[in-house]
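Structure first, then comments.
The values are calculated or read from the model by the stated rules, or taken from the named source; none is laboratory data. Since we're looking at a predicted model, the values are computed, not measured. Don't worry about glycine lacking a Cβ; one is built from the backbone with ideal geometry, like all the others, and counts go over all protein chains shown. Side chains are part of the model used for accessible areas, which takes the heavy atoms of the whole protein and leaves out ligands, DNA and RNA. Shrake-Rupley method; radii C 1.70, N 1.55, O 1.52, S 1.80 Å.
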Amino acid sequence: MKISEIHVYQKDLHIVGGPYTMSTMTLDVIDTTIVKVVSNSGLIGWGEVAPLGPNYQPQHALGARAAIAQIAPGLIGCSCLDHLLLRRQMDKLLNGHNYAKAAIDIAAMDLAGKHYDIRVCDLLGGAVSERLPAYYAIGIGDPDETAAIAKNKISQGYKRLQFKIGGRNVATDIAVIRNVWDTIGNQAQIVVDANRGLTTSQAMRFSLSCSDIPLTMEQPCNTMEEVKSIRPQIHHPLALDENLESVNDVLRAISMDICDAFGLKISRLGGLNTMATVRDICEARSIPHSMEDSWGGDITSAAILHMSATIKPELLEGVWTSGNYIEEHYDPVNAIRVDKGYFELPQAPGLGISPDESRIGVLLASYAS
Ligand code: 0XW
Ligand code: MG
């Protein structure tokens, strides 16, 4: 089965209850790119990539579409089933830009699943879980508002909550997390995610001021070197997220021994097949990690769930999709939703969703033989 057409769509995903505030930005809408890959057997595979705005990381929506424009003509005629060869062909056509290539990789996996009549999780080694633990990310806010949201999410069944910090006086972050702890205690795992927004001194001050709270600090500082410099003084488990842009970054973080867990985003690493490599490295080194992506609709969410299902449960920190923050679903029938703190793995072949083409935005470009 070979690629015969690639179609590229653009859609704005408006954030429900926005804005979504992190240390480095405030977002009301996310620009997502959807790819529809048609095989010579007439099957359709769906992929997606939705960077978190242009300054979150060195990935952005226009860049994704430019990268896809660069490689798409050279992918026509490639096998949809030989995913390693497809990735090598993409790398031959364009250096880097893993996030854009991820959309093609995900679509190829959707196609392969439909071709073999199995789910994407089965292509990735097999599902160990059909119900996946969700985590909820709470944007930057004030102490009482944040604690109230935390309490409400626990009542909805979430067992892991991520609190955004950074980008303001660290004393406020400390006050927020102390109030959260006073409010919810051990009812949920507490992760504080600075998205690179703290200086080393702020991170150390935060950790010292919250040393009695059993929380995890996610990506406190901007670089691996800064995280390494504070590791001896930090009283909490450390997780890396934004610093992990490739398999080599993952290996470098492990060799530097600078963290205890990872936040892993499928598109940033290059797609499902690269993520499977990172999954196996984490398993070999017993490194717990989340499974997520920057943003995206049902296509990205389904990819996240299929990958999550293959992860050893004791290493799966939690699963995040942006479904809670999006007004509409591409596939209303098989929409990816959280129920009582868990996701149900889709059952149909491939990704298990069938996007309604009236819901996937504007067709921007088409590539065919
Ligand atoms: C919580 N997320 C998965 C959602 C936003 O993309 C940020 C990200 C994170 O953990 O940094
Ligand atoms: Mg993170």
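Estimated translational diffusion coefficient (Stokes-Einstein, Kirkwood radius over Cα pairs, 10 °C, 1.306 mPa s) of the chain: 77 µm² per second.
Please give the peptides 53-66, 183-196 ranked by average Cβ packing (other Cβ atoms within 10 Å per residue), highest first, as a rough proxy for protection.
Result, highest mean Cβ count within 10 Å first: 183-196, 53-66.
Here's the picture: charge each Lys and Arg Cβ at +1 and each Asp and Glu Cβ at -1 in the chain, and of Ile304, Ala50, Cys282 the one pushed furthest to the positive end of that dipole is Cys282.
From helices alone, the chain scores -11000 deg cm²/dmol at 222 nm; the rule is -39500 (n - 2.57) for each run of n ≥ 4 DSSP H residues, then divide by the residue total.
Taking Cα centre as origin and charging only the Cβ of basic (Lys, Arg, +1) and acidic (Asp, Glu, -1) residues, the dipole magnitude of the stretch 135-268 rounds to 180 debye. A Förster radius of 35 Å, combined with the Cβ-Cβ distance separating Ala69 from Asp260, puts the computed FRET efficiency at roughly 0.30.
Could you give the dipole magnitude of the chain about its Cα centre, charging the beta-carbon of Lys and Arg +1 and that of Asp and Glu -1, in debye to the nearest 20? Kindly include the intermediate steps, with their values, before the conclusion.
Values: 31 positive and 42 negative charges, 91 e Å.
That gives the chain a dipole magnitude of about 440 debye.
The listed peptides 261-274, 306-319, ordered by packing as a protection proxy, come out as 261-274, 306-319 (highest mean of other Cβ atoms within 10 Å first).
Among Glu242, Glu130, the order of accessible area from largest down is Glu130, Glu242, computed with a 1.4 Å probe on protein heavy atoms.
According to the square roots a ≥ b ≥ c of the eigenvalues of the Cα gyration tensor, what is the shape class of the stretch 124-344, taking rounded for a/c under 1.5, prolate for a/b larger than b/c otherwise, and oblate for the remainder? Judged from the Cα gyration tensor, the stretch 124-344 comes out oblate (a/c at least 1.5, b/c at or above a/b).
Cβ under 9 Å from Pro288's Cβ, Pro288 left aside: what net charge do those residues give with Lys, Arg +1 and Asp, Glu -1? Can you show the working numbers first?
On the way: positive: none; negative: Asp260, Glu314, Glu317.
Taking every other residue near Pro288 into account, the sum is -3.
Which sequence of Ile287, Ile299 reflects their accessible areas, 1.4 Å probe, from the largest down?
On the way: Ile287 20, Ile299 0 Å².
So, going from the largest accessible area down, we get Ile287, Ile299.
In this structure, the amide hydrogen of Ile30, modeled 1.01 Å from its nitrogen in the peptide plane, lies closer than 5 angstrom to those of Leu13, His14, Ile15, counting only residues at least 5 positions away or on a different chain. The residues of the chain have, on average, 37 Å² of accessible surface per residue, using a 1.4 Å probe with all protein chains present.
Gln89 sits among other residues whose Cβ lies under 15 Å from its own Cβ, and their net charge, with Lys and Arg +1 and Asp and Glu -1, is +2. Take Lys340: with every protein chain present and a 1.4 Å probe, its accessible area is about 150 Å².
Each part reduced to its alpha carbon centroid, the stretch 228-288 and the stretch 292-369 end up 23 Å apart.
Charges on Cβ only, +1 for Lys and Arg, -1 for Asp and Glu, centred on the Cα centroid of the chain; of Leu264, Ala108, His83, which one is farthest towards the dipole's positive end? Farthest along the dipole direction, towards plus: His83.
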